[in-house]
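Structure first, commentary second.
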Amino acid sequence: MTFDISPFPRSRELIIDAFHMAAKRHIVHGFLEVDVTVPRRILKGTSGTDGRPLSFTAFVIASFARAIHAHPTVQAYRDLRNRLITFHDVDISTVVEPRPGAQPIPIVVRSADSRSVREISEEIRAVQADPQRSAFSPGSIALATRLPRFVRLVFFRGLKLNPDWIKRFQGSAEVSSFGMFGKRAGWGVGFLNVHTLGLWVGGIAEKPMAHDGSIALRDCLHVTISFDHDIVDGAPAARFTHTFLELLESGAALE
């Protein structure tokens with residue numbers, strides 16, 4: 001029998017904290033298939049400063065943020081005085097992986113609803129190239145993990161009751177990619193520890209889909225949208241989702 005022994009990564013302690021916070025929330029999930037043939041074709045014709053096409057993740061973030069701006073109640077938060085605080089500008093929390101297997105770095109894309117896909121793409125790739133550009137650099141994450149768990153949990157509980165703090169430290173909504181599983185279909189289901197709204201980006205696969213009155217092979221993106229049902233009812237969630245899907249399929253954020 002052979003095996004390896006390695007230290008438990010300290011960064012995983014923050015993930016465990018997040019699970020503690022998410023365990024008792026009333027989160028509902030919607031599993032969706034989206035035809036992204038048009039935006040993927042447009043993106044192939046773009047070029048960032050590194051010579052590569054602009055980031056598909058940046059396009060998803062821009063589209064998500066624009067849909068939220070059109071339906072701001074999906075990023076409302078309940079505060080300590082039992083009021084609903086609804087933000088109108090959209091800050092998106094996400095994570096980037098500097099290189100395969102490296103510790104993911106959280107970043108907050110500020111005012112994502114009013115920024116171009118190019119600007120968001122360049123910001124993401126800048127943090128990938130230099131993680132110190134993020135407010136949550138590896139050093140600050142390591143420092144947080146050295147605090148006792150009960151201290152971190154007290155901070156997170158206080159954060160949850162202060163919408164302004166949530167937006168300042170973790171943005172007003174969340175986007176997470178489950179690796180974009182190549183050409184394989186697949187949904188991801190994540191958790192929301194403090195956010196009201198989250199998007200989980202799964203895989204893209206070529207599938208037969210309805211297009212222009214017929215059936216054709218199209219690029220199908222699998223996404224999961226998660227809402228805090230204590231805050232967001234089904235009808236507003238459905239209206240938001242309809243807008244978001246239209247923005248994704250049309251590639252409007254790339255114009």
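Quick check: pseudo-label points 7 Å beyond the Cα along Cα→Cβ at residue 212 and residue 189, how many nm apart are they?
Computed distance between label sites residue 212 and residue 189 equals 3.8 nm.
Just flag the trypsin sites (Lys or Arg not before Pro) in segment 3-56 sitting in loop per DSSP whose Cβ has no more than 11 other Cβ atoms within 10 Å.
On the way: sites: 10, 12, 24, 25, 40, 41, 44; in loops: 10, 24, 25.
In loop regions of segment 3-56 (DSSP not H, G, I, E or B), the sparsely surrounded trypsin sites (Lys or Arg not before Pro) are 24.
Please give every one of the aspartates and glutamates within straight-line cross-link reach of residue 160, meaning a C-alpha to C-alpha distance under 17 Å, and leave out same-chain neighbours fewer than 8 residues apart.
Correct list for residue 160: 17, 79, 91, 174, 228, 230.
From the gyration tensor of the Cα coordinates in segment 12-254, what semi-axes in whole Å does the equivalent ellipsoid have, largest first, with each one equal to sqrt(5λ)? Could you put the intermediate results ahead of the total?
Details: eigenvalues 169, 98, 53 Å².
Each semi-axis is √(5λ); the values are 29, 22, 16 Å.
Sequence gap at least 6, Cα distance under 8 Å: using those rules, report the relative contact order of the chain to the nearest whole percent. Provide the component values of the computation, followed by the final result.
On the way: 458 pairs, mean separation 74.6, N = 255.
Relative CO of the chain lands at 29 percent.
Under a Cβ-Cβ cut-off of 11 Å, what is the net charge of the residues other than residue 50 that fall near it, where Lys and Arg count +1 and Asp and Glu count -1? Intermediate values should be presented prior to the final figure.
Numbers: positive: 52, 125; negative: 122.
The answer is +1.
Have a look at 169, 150, 191 and tell me which one the Gaussian network model of the chain (Cα, springs below 10 Å) gives the largest fluctuation.
It is 150.
Want the number for residue 32 to residue 154: 0.36 nm per residue separation, take away the alpha-carbon distance, what's left?
Numbers: separation 122, 0.36 × 122 = 43.92 nm, distance 3.54 nm.
Working it through step by step, the gained length comes to 40.4 nm.
Quote to one decimal, in nm, the extra length available between residue 147 and residue 255 on full extension: 0.36 nm per residue of separation minus the C-alpha distance between them.
Values: separation 108, 0.36 × 108 = 38.88 nm, distance 4.59 nm.
The span from residue 147 to residue 255 would gain 34.3 nm if fully extended.
No value in this document is a laboratory result; all are computed from the given coordinates. What you see is a predicted model, and the numbers here were worked out from it, not measured in a lab. We place every Cβ from the backbone using ideal geometry, glycine too, and count neighbours over all the protein chains shown.
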